[in-house]
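This report concerns only the one structure given below.
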Amino acid sequence: MRELDIIIPIYNEGEQVIKLLDLFEKKIKNNISVFLCYDDDDDDIHKYSHLLKKKFPITLIKNFEKGPCNAVKQGLQASQAQCKIVYPADDFLNIGLIDVMFEKFLTEKADVVVASRFMEGGSMKGCPILKSILVRIASSTLFFFSSIPVRDASNGFRLFSNNLLKKIKIESKLGFAYSLEILVKCNRLKMKIVEVPAQWEERSVGESKFKIFKWLNEYLVWYFYGLKTFWLKKKEPINILK
């Protein structure tokens, strides 16, 4: 079994993806494989297929549904590595964290490693005010009023152990709610969660795929799930796989 796979949901971001993969090749020390998960056959990543030969394997994964959540789920299902990192296609700031997160997985036996914007050493810059308010409130209330031991509950950039993913079913269908869902289910299972500081800046190229109001209800399901784990002493995660 491979040790580390990186899952990247993409949507017509071919030029940026090639830049990102070049930086992966230069900066990541551990052996990796990359899964690029796209929605449509005419995604512009295919224009750059001749540039996808790197020192590490790269696999294109067709998302047979639509949206980033389903793309990530396709990638996680395709990967058989010991751990998987879901990484944003537009993030050029945190490439060095990939090795750090993998080290946490190895040395601390972590099942989720959170890239945290809200712990000491992390930052979030240029975020639209409404999005900033919502993610800060959700993350801070879960940290202070539940048993979730990290300060950033909503960031989609995460490491997940294969051991954890074999135990749960991902039910989310919209946005990046899968990330919060896996976190709160990991917490209910009392498996290991750690965090590392990460930097975040609003993207300067293309449009953000974050749709606050369209995805809000799905986030709220897992937000209250996280609170119920602590306040109602829930012990079994929804739809745990046998």
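The values are calculated or read from the model by the stated rules, or taken from the named source; none is laboratory data. Note that the structure is predicted; figures quoted are calculated from it, not measured. Every residue, glycine among them, receives a Cβ derived from its backbone with ideal geometry; neighbour counts consider all protein chains shown.
What the table shows:
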read-out	value
Some residue of the stretch 38-45 being part of a loop (DSSP other than H, G, I, E, B) and under 22 Å from N162 (Cβ atoms)	no
Flag if A81 is farther than 26 Å from K125 by Cβ and surrounded by 14 or more Cβ atoms within 10 Å (Cβ to Cβ)	yes
Cβ-Cβ under 9 Å pairs, at least 6 apart or on other chains, the stretch 33-61 side over 14 Å from E13 (Cβ atoms) and touching a residue at least 40 places away in the same chain (Cβ under 8 Å), far side polar (S, T, N, Q) and assigned to a strand (DSSP E or B)	S33/T59; F35/T59
All positions within the stretch 64-78 that are surrounded by fewer than 23 Cβ atoms within 10 Å (Cβ to Cβ), at pLDDT 95 or above and of a type outside the set (A, V, I, L, M, F, W, C)	N70, K73, Q74, Q77
Residue check, A115 of a type in the set (A, V, I, L, M), more than 30 Å from G14 (Cβ to Cβ) and surrounded by 23 or more Cβ atoms within 10 Å (Cβ to Cβ)	no
Residue ID - surrounded by the most Cβ atoms within 10 Å (Cβ to Cβ), chosen from residues in the stretch 217-242 that are among the aliphatic types (A, V, I, L, M), touching a helix residue (DSSP H, G or I) at 6+ places or on another chain (Cβ under 8 Å) and at pLDDT 90 or above	L227
Residues of the stretch 177-198 satisfying the condition of being part of a loop (DSSP other than H, G, I, E, B) and either closer than 20 Å to K109 by Cβ or without any contact (Cβ under 8 Å) to a residue 12 or more places away in the chain (or both)	L189, K190, M191, K192
Those strands (runs of 3 or more DSSP E) lying entirely in the stretch 59-150 with at least 3 residues not hydroxyl-bearing (S, T, Y)	83-86, 112-116
Residues (surrounded by fewer than 23 Cβ atoms within 10 Å (Cβ to Cβ) and part of a helix (DSSP H, G or I)) located in the stretch 4-19	G14, E15, Q16, I18, K19
Single residue of the stretch 159-176 satisfying the filter (at pLDDT 95 or above and crowded, with 24+ Cβ neighbours inside 10 Å) that is farthest from K228 (Cα to Cα)	L159
Some residue of the stretch 178-197 being of a type in the set (G, A, S), modelled with pLDDT under 95 and either surrounded by fewer than 22 Cβ atoms within 10 Å (Cβ to Cβ) or closer than 12 Å to V114 by Cα (or both)	no
